Amino acid sequence: MAEQPVTIKTNPGGPFMVSGEFTLHDTEGNSVKHSGRAALCRCGASAKKPLCDGAHGRIGFEKE
Ligand code: FES
């Protein structure tokens, strides 16, 4: 089966949406394999970094 290419889409005022099969390495040395979609925090306010927890909406993050 062919590998799915990883794509990253920027959402204005929201997270990076990553699709495909990839491994996410966090700052504590943990690695988690993902398959499908994941939302990565771009605003810096998430309590679940590197994943988005919706905090961008509460803080009014507006970056393009
Ligand atoms: S982008 Fe969603 S919490 Fe930061």
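Nothing in this text is a laboratory measurement; each read-out follows from the coordinates by a stated rule. Everything numeric here is computed off the predicted structure, so don't read it as measured data. Counting neighbours? That spans all protein chains shown, and the Cβs are built from the backbone with ideal geometry, glycine included.
Odds and ends about this structure:
- In whole angstrom, the chain maps to an equivalent ellipsoid with semi-axes of 23, 15, 7, each derived as √(5λ) from the alpha carbon gyration tensor and ordered largest first.
- Fewest-first sequence of Cys52, Cys43 by Cβ atoms within 10 Å of each Cβ: Cys43, Cys52
- Neighbour net charge for Cys41 - beta-carbon separation under 10 angstrom, K R +1, D E -1: +2
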